[in-house]
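Input: a single structure, listed below in structure tokens.
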Amino acid sequence: RDSYHRRMQVSLRPLVDADLDAIYEQMKDPESVRMAAFTADDPADRQAFLVHMSRIRDDPSCVQRVIEADGTIAGTIASFRIDDQTEVTYWIDRALWGRGIASAALQSFLSVTTERPLFARAASDNAASLRVLEKAGFRRIGVDRGFARGRGEEIEETILRLD
């Protein structure tokens, strides 16, 4: 019990090719896809995943990091430009949800990403992700509706901003 509740050592590092298999597996987990909601057309399409990752890695406006927790790949965190705004996003391996990894990774990421304002979005029913963002200082500034491929329907999304 104590080992489960102790803080995991969370760090960020650049993505390398050897990380892609683990990240692909995490990003096609059905429950994770449902919670993230706004995902790839077909999360199980490995070729589309590799093309997407390659595009991110080639885009100088994108900053992507692998999140490690106790030395294992726990997920990814990134910032990217969209509609002239910088948005932050993260993905945590479902097996590691609820252990403070997203919060620790976001804190780390925000300390090296100096650009403000930063924006973030989460499905409005994704309470855990909204909590992570608000704990880091993001404020809710509005909602949007959009087609969530991870759910196959239009849902409400909360938009947040960090100044």
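On the given criteria, is A105 under 11 Å from the mean Cα position of the chain (by Cα), of a type in the set (A, V, I, L, M) and buried (at least 19 other Cβ atoms within 10 Å of the Cβ)?
yes
Among what's in the range 17-58 and is assigned to a loop (DSSP other than H, G, I, E, B) and without any contact (Cβ under 8 Å) to a residue 12 or more places away in the chain, pick the residue that is most open to solvent (accessible area, probe 1.4 Å).
D42
Would you pick out the residues in the range 135-163 that are under 15 Å from the mean Cα position of the chain (by Cα) and at pLDDT 95 or above?
Of everything in the range 135-163, those that are under 15 Å from the mean Cα position of the chain (by Cα) and at pLDDT 95 or above turn out to be A136, F138, E157, T158, I159, L160.
Looking only at the range 140-163, filter to residues that are among the basic types (K, R) and in contact with a helix residue (DSSP H, G or I) (Cβ under 9 Å, 6 or more places away or on another chain); which one of those is farthest from D42 (Cα to Cα)?
R140
Condition test on S61, is it of a type in the set (S, T, Y) and either surrounded by fewer than 19 Cβ atoms within 10 Å (Cβ to Cβ) or more than 17 Å from M27 (Cα to Cα) (or both)?
It is true that S61 is of a type in the set (S, T, Y) and either surrounded by fewer than 19 Cβ atoms within 10 Å (Cβ to Cβ) or more than 17 Å from M27 (Cα to Cα) (or both).
Quick grid of which residues meet (1) farther than 26 Å from P60 by Cα; (2) aliphatic (A, V, I, L, M); (3) under 13 Å from the mean Cα position of the chain (by Cα); (4) open to solvent by 20 Å² or more (accessible area, probe 1.4 Å):
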{"position": "W91", "(1), (2), (3), (4)": "no, no, yes, yes"}
{"position": "L96", "(1), (2), (3), (4)": "yes, yes, no, yes"}
{"position": "R99", "(1), (2), (3), (4)": "yes, no, no, yes"}
{"position": "V112", "(1), (2), (3), (4)": "no, yes, no, yes"}
{"position": "E115", "(1), (2), (3), (4)": "no, no, no, yes"}
{"position": "F119", "(1), (2), (3), (4)": "no, no, yes, no"}
{"position": "A123", "(1), (2), (3), (4)": "yes, yes, yes, no"}
{"position": "L130", "(1), (2), (3), (4)": "yes, yes, yes, no"}
{"position": "L133", "(1), (2), (3), (4)": "no, yes, yes, no"}
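Being polar (S, T, N, Q) and under 16 Å from V66 (Cα atoms) is the filter here, so list the residues in the range 93-137 that pass it.
The answer is S103, Q107, S108, S111, T113.
The values are calculated or read from the model by the stated rules, or taken from the named source; none is laboratory data. Note that the structure is predicted; figures quoted are calculated from it, not measured. FYI the Cβ positions are ideal-geometry reconstructions off the backbone, even for glycines, and counts take in every protein chain you see. Keep in mind that these areas ignore ligands, DNA and RNA; they rest on the heavy atoms of the full protein, side chains included. Shrake-Rupley method; radii C 1.70, N 1.55, O 1.52, S 1.80 Å.
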